There are 4 protein chains.
Amino acid sequence: MKARSAPDWQAYCEHRFVRDLAAGTLPEPAFQHYLKQDYLFLVQFARAWGLAVYKSRDLSEIRQGLDSLKAIVDVEIGLHVNYCASWGIDEAALAKLTASRATLAYTRYVLDAGMSGDLLDLHVALAPCIIGYGEIAGWILRQPFTKHEGNPYADWIAMYAGDEYQGLVASELEWLNRRLAGVDEQRMDQLSTVFGDATRLEADFWQMGLDLA
Amino acid sequence: MKARSAPDWQAYCEHRFVRDLAAGTLPEPAFQHYLKQDYLFLVQFARAWGLAVYKSRDLSEIRQGLDSLKAIVDVEIGLHVNYCASWGIDEAALAKLTASRATLAYTRYVLDAGMSGDLLDLHVALAPCIIGYGEIAGWILRQPFTKHEGNPYADWIAMYAGDEYQGLVASELEWLNRRLAGVDEQRMDQLSTVFGDATRLEADFWQMGLDLA
Amino acid sequence: MKARSAPDWQAYCEHRFVRDLAAGTLPEPAFQHYLKQDYLFLVQFARAWGLAVYKSRDLSEIRQGLDSLKAIVDVEIGLHVNYCASWGIDEAALAKLTASRATLAYTRYVLDAGMSGDLLDLHVALAPCIIGYGEIAGWILRQPFTKHEGNPYADWIAMYAGDEYQGLVASELEWLNRRLAGVDEQRMDQLSTVFGDATRLEADFWQMGLDLA
Amino acid sequence: MKARSAPDWQAYCEHRFVRDLAAGTLPEPAFQHYLKQDYLFLVQFARAWGLAVYKSRDLSEIRQGLDSLKAIVDVEIGLHVNYCASWGIDEAALAKLTASRATLAYTRYVLDAGMSGDLLDLHVALAPCIIGYGEIAGWILRQPFTKHEGNPYADWIAMYAGDEYQGLVASELEWLNRRLAGVDEQRMDQLSTVFGDATRLEADFWQMGLDLA
């Protein structure tokens, strides 16, 4: 799928937002705008895992969706709120946010792809986010221009490059590859469309940060 | 799929309701109860084709769902209302009906299978109805005990045995077989479960007629 | 709503299955059949709370759905598996069960009511289960024929009559009453239909136990 | 709702794309890009009316959804294809289009609002499109800078200002106002959020035309 959407995938993973974040030169307001919208994204992401539970055909699929849902709601949202606070964004501000267009676009695309398709469509629509962030963190580590000392975004990089997140990526990849092994050509075409659309919408999420839009 | 659910499929297709209807000995109240609930069934069936339109990935799938939706809402419901009138059930009575359990069970099963799965799950859940009625009509014609002259249910048999309905069955079968050709074993297991469940719930729909429940 | 569906509500709450269970005279196979199907019910119930998460408009609604989902998947299903074991039903048997019609009917009705309506429809469709079991346990305690000593079903009664479950019922009732306070007549009619249908389907779940069907 | 989203509503209705179209100065590639994406929009719009049929509680709601669905699939898409042809865009080109971000954003927002909410949420999410185009056509007619003679977009203006489309707007408004009369404050807040989001996403659809993005 990455091969089929190669230009879009590269444009997403190596987006200027990512480059500037790696170099530590990303303007702080851009990062703060991104952080705020990422909070709204997490709320919709929780809805997507609720949808995964609904779409489950057995208890093991339910448990998989529930684990992801708990990770978001019980852990990540709390961490995100704290991290936002360290950037001067308090919880009251988060509660009053208006969703940016890029946030609405990607989150609703995922939810509709998952609802109108099946569980595999949902995971594929989430892949640019889940798998992508893992790749992006790895890519950042390999770039010569990446700055570690004194980079205000070092924590962000460390989190997505860390073992915990990379383990989550590996297990999602394993699940996806297992499921994708059984699909025929026509289904692969459908799923590649979902993957390509979602990748472009994730790139827009970076652009939104730069544009403060 | 029929082979995998053979006992349930036979129990449905050769149900006592069907046998008595073929022989012309089915009590009229049983048939009238069936007709009334079938009206409520058609309304939910229309919702299922609305769902098929929502689930579509392109315009040709949308048109297929819309054709079925129009067939139900613009043609079949009207014919059904007229046919009910010929059995002494007027439209005011139809509007006030309470859904029987068997009606709720089959219709909601179809809608949930279609919503939680994909378009193929939806068609498979509808197959015992669409394909089944075609087979049942054919089976009735081949039985020695089937009575044509003076059978109060002759019109019903003629409709489902007729070229128009059989053509619809053939085209649905063709679509299903084309789609099923591309699925792997695990998917076939899932779809067979849906088919088996739906077959048992359709058999209950006949039983509901006999039980006046 | 209970008043509008009074005969159905009473038929459900004071069903012969409930009476015989209270008196300790319910045949064990009936209870075992009920327990097995209740396991399948819990799995679908988990899907319903996943749907509630999907249907949420904010984080507090998401947390409410998630709490219920965790209660089912992380606690109740485990307790149920243990309780089944104490009745001679092992986990391997649970994994191979075929859903009864009454199980399919009620669970899919709930899921479709929740999907096609909104979060309130979903809660109302679940109310005969959540609130109903609380009322039934209270009703059992008040009956002169209820047997406590030597009643093989004493644990079941104690669980639903206990403070933990009754607290859950109270908080669900509080939520429902708050939401229902704001709805107009037409909406109340819709919701009462959902409540009435769900009540009848829950009564069928008891009957399924008696019929071993 | 328009009052609550006044700046967004005005920004949408009086968008530069609309102004330039009224004045006849809109670059043709901008209009052609808009036309192409509007084709993809219509396909998703058809899915939304399929969803409306699924969400229906009775036959009259089903018929309302079906009428809109037929209007799109049996009439409007054909007219749109012909109109595109008159602008040099043939059907083969339409079949190969990739959806723009603004197209994905608005269409999926509508579908998710309708799926996660109820039929009223769906209609409210569609209102900026259905009602908005009617208002925009009326606004264009009242502007001093609007050019009729020799305006390449005169047909487009005439269609939306025409009696047929304005009648459709009036009947949708009437339905919405009837439904909205019965909702309480909290529900109105929810629906206003949907309306505001959808309005901003519709404004983005104009901007997409200007940006050729």
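One residue is enough: does region A:96-114 have a residue meeting the conditions among the acidic types (D, E) and at pLDDT below 95? There is no residue in region A:96-114 that is among the acidic types (D, E) and at pLDDT below 95. For region B:200-211, the criterion of a residue being more than 14 Å from chain A (Cβ to nearest Cβ), in contact with a His (Cβ under 7 Å, 6 or more places away or on another chain) and outside any helix (DSSP H, G or I) is satisfied by no position. In this structure, D:F205 qualifies as more than 18 Å from D:A3 (Cβ to Cβ) and modelled with pLDDT of 95 or more. The set of residues from region D:171-194 being surrounded by 23 or more Cβ atoms within 10 Å (Cβ to Cβ) and not β-branched (V, I, T) comprises just one member, D:L191. Looking across region B:2-19, the residues that are open to solvent by 30 Å² or more (accessible area, probe 1.4 Å) and assigned to a helix (DSSP H, G or I) come down to B:A6, B:P7, B:D8, B:Q10, B:A11, B:R16, B:R19. Reported count of residues in region B:138-153, each being surrounded by fewer than 16 Cβ atoms within 10 Å (Cβ to Cβ) and either under 16 Å from the mean Cα position of the chain (by Cα) or hydrophobic (A, V, I, L, M, F, W, C) (or both), is 3. When restricted to residues that are under 20 Å from B:R57 (Cβ atoms) and in contact with a Phe, Trp or Tyr (Cβ under 6 Å, 6 or more places away or on another chain), region D:66-79 contains 2.
Only one of the listed residues (B:M159, B:M115) is closer than 27 Å to A:Q190 by Cβ, surrounded by 13 or more Cβ atoms within 10 Å (Cβ to Cβ) and of a type in the set (A, V, I, L, M). That residue is B:M115. Checked against (1) closer than 15 Å to C:W49 by Cβ; (2) under 18 Å from the mean Cα position of the chain (by Cα), C:R108 passes all but condition (1). Residues that are part of a helix (DSSP H, G or I), out of contact with any Cys (no Cβ under 9 Å at 6 or more places or on another chain) and crowded, with 17+ Cβ neighbours inside 10 Å were ranked within region B:23-37; the one that is nearest to the other protein chains (Cβ to nearest Cβ) is B:Q37.
Of all residues being small (G, A, S) and closer than 28 Å to A:N151 by Cα in region A:1-22, which is farthest from the other protein chains (Cβ to nearest Cβ)? Just the residue, please.
A:A22
The set of residues in region B:77-101 that are closer than 29 Å to C:R101 by Cα and surrounded by fewer than 17 Cβ atoms within 10 Å (Cβ to Cβ) comprises B:V81, B:A93, B:A95, B:K96, B:L97, B:T98.
Quick one: which helices (runs of 4 or more DSSP H) sit completely within region D:39-152 and have at least 3 residues that are within 12 Å of chain B (Cβ to nearest Cβ)?
In region D:39-152, the matching helices (runs of 4 or more DSSP H) lie at D:59-70, D:77-86, D:91-95, D:101-116.
Any residue at all in region C:132-145 that's out of contact with any Phe, Trp or Tyr (no Cβ under 7 Å at 6 or more places or on another chain), under 30 Å from D:R57 (Cα atoms) and touching a residue at least 40 places away in the same chain (Cβ under 8 Å)? Taking every residue of region C:132-145 in turn, at least one turns out to be out of contact with any Phe, Trp or Tyr (no Cβ under 7 Å at 6 or more places or on another chain), under 30 Å from D:R57 (Cα atoms) and touching a residue at least 40 places away in the same chain (Cβ under 8 Å). Within region A:119-137, the set of residues being surrounded by fewer than 21 Cβ atoms within 10 Å (Cβ to Cβ) and acidic (D, E) comprises A:E135 only.
Within this structure, C:T103 fails the test of being more than 18 Å from C:F31 (Cα to Cα) and under 14 Å from the mean Cα position of the chain (by Cα). Selection over region C:158-187 of residues that are free of Cβ contacts under 8 Å to residues at least 12 places away in the same chain and within 14 Å of chain D (Cβ to nearest Cβ) gives a count of 7. The residues of region A:45-61 that are open to solvent by less than 30 Å² (accessible area, probe 1.4 Å) and closer than 18 Å to A:D121 by Cβ, listed by number, are A:F45, A:R47, A:A48, A:W49, A:G50, A:L51, A:A52, A:V53, A:Y54, A:K55, A:S56, A:E61.
The values are calculated or read from the model by the stated rules, or taken from the named source; none is laboratory data. Because the structure is predicted, anything quoted here is derived from the model rather than measured. Quick reminder, even Gly has a Cβ in these numbers, built from the backbone with ideal geometry, and neighbours come from all protein chains shown. For the accessible areas, the whole protein counts, side chains as well, though only heavy atoms, and no ligand, DNA or RNA atoms are used. Shrake-Rupley method; radii C 1.70, N 1.55, O 1.52, S 1.80 Å.
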